[in-house]
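The values are calculated or read from the model by the stated rules, or taken from the named source; none is laboratory data. Keep in mind that what you see is a predicted model, and the values were worked out from it rather than measured. Positions of Cβ are generated from backbone atoms using ideal geometry, with glycine treated the same way; all protein chains shown enter the neighbour counts.
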Amino acid sequence: MPEGHSVHRLARQFGDVFAGERLAVTSPQGRFAQGAALLDGHILIGSTAHGKHLFLEFENSLILHVHLGLYGAWNFGGDASFRGASSIGAPRRVGEREVRDDAGADNPAYAGPPDPVGAVRVRLTSAHGWADLRGATTCETITDAEAASVLARLGPDPLQNLAGNRESFTEAALAKRTPIAALLMDQKVIAGVGNVYRAEVLFRQGLDPWLPGTALPAEAARRLWDDTVAVMSDGVRDGRIVTTPPRYWTASEGLPAPEDSHFVYRRQGLDCRNCGTPVALAELGARKLYWCPSCQSA
DNA sequence: CGACAATGTGTAA
DNA sequence: TACACCTTGTCGA
């Protein structure tokens with residue numbers, strides 16, 4: 001799925017284009033008809049993200065809770081007020097960037113949303129535009145109490161980086177014999193990291209992915225947290241996961257080409273950008289793990 | 001056209 | 001550990 005940075009961008013975007021608006025909420029696909037009816041015709045108050053979870057709060061105190069899972073995505077469109085609203089969701093290629101909707105820019109006579117294409121789980125429509133959700137693993141209408149129980153299952157979010165979060169992460173990471181690569185994917189330990197950031201921050205920190213949490217020095221865990229905060233914050237800014245610094249980019253303008261954006265993710269068999277050793281690939285917990293056996297030996 | 005993978009997660013065995 | 005979930009782009013026949 002889109003990792004935490006994409007969900008935080010979605011939260012911001014929903015606030016930008018829909019907050020304060022009365023929304024029609026429908027389920028063209030039908031699977032979410034009941035939950036949609038509970039929200040239909042109510043005003044969106046705000047939107048928040050924690051890790052990979054998105055919460056859209058309505059004025060009737062109900063919340064639309066969405067988790068995109070492996071292949072969920074939101075698409076946006078509308079009038080000029082939607083200019084810059086990106087479609088955000090499951091990437092289909094390495095380094096794929098968000099697709100911006102510029103329909104409103106040269107089409108001020110916005111006449112309403114198009115007919116739904118494909119399996120649209122939920123559609124939000126305001127007077128100015130629309131948003132379609134497809135393929136999400138979770139899409140449900142919940143109460144405040146239910147939202148609180150979702151949050152209770154999640155660890156600290158590096159994109160909130162509140163006081164005490166770094167120590168909470170450090171404590172949780174050092175408490176288990178689980179390999180650090182698995183701990184980074186445990187949303188109770190750190191919320192919002194996915195398979196790309198997991199591989200990339202471990203490389204950036206020179207950490208052996210198989211090192212048990214119990215063997216990780218506390219200082220290394222703190223550096224790992226801080227680097228995750230930094231690299232995911234860049235992701236929120238850029239709308240893309242870029243973990244390589246500019247000296248690794250062949251393009252001189254703007255962001256790097258997709259193939260220059262990562263150190264190890266999906267680079268198995270290719271030379272490590274630092275030492276030339278072939279990048280390794282293994283399965284860990286049914287997900288692919290990429291790392292440089294030479295650089296990541298700490 | 002079918003098989004398969006994909007930046008996930010929950011549940012059963 | 002396996003698979004169910006459920007969507008779409010890519011790749012090979």
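Determine whether segment A:139-149 contains at least one residue that is within 15 Å of DNA strand C (Cβ to nearest atom) and more than 15 Å from A:E57 (Cα to Cα).
no
Within segment A:138-155, can one find any residue that is of a type outside the set (K, R), crowded, with 17+ Cβ neighbours inside 10 Å and more than 16 Å from DNA strand B (Cβ to nearest atom)?
Taking every residue of segment A:138-155 in turn, at least one turns out to be of a type outside the set (K, R), crowded, with 17+ Cβ neighbours inside 10 Å and more than 16 Å from DNA strand B (Cβ to nearest atom).
Could you please find all residues in segment A:277-298 being at negative phi and within 13 Å of DNA strand B (Cβ to nearest atom)?
Within segment A:277-298, A:L281, A:A282, A:E283, A:L284, A:R287, A:K288, A:L289, A:Y290 meet the criteria.
So, restricting to strands (runs of 3 or more DSSP E) that lie completely within segment A:1-112, which ones have at least 1 residues that are at pLDDT below 95 and of a type in the set (A, V, I, L, M, F, W, C)?
A:73-78, A:86-89
Sort out which residues of segment A:177-207 are within 8 Å of DNA strand B (Cβ to nearest atom) and of a type in the set (F, W, Y), and write them in order of number.
Selection gives A:Y197 alone.
Can you confirm whether segment A:143-158 contains a residue that is farther than 20 Å from A:E3 by Cα, in a strand (DSSP E or B) and in contact (Cβ under 8 Å) with a residue 60 or more places away in the chain?
Checking segment A:143-158: not a single residue is farther than 20 Å from A:E3 by Cα, in a strand (DSSP E or B) and in contact (Cβ under 8 Å) with a residue 60 or more places away in the chain.
For residues in segment A:17-73 being among the hydroxyl-bearing types (S, T, Y) and within 17 Å of A:R134 (Cα to Cα), which is nearest to DNA strand C (Cβ to nearest atom)?
Top of the filtered list is A:Y71.
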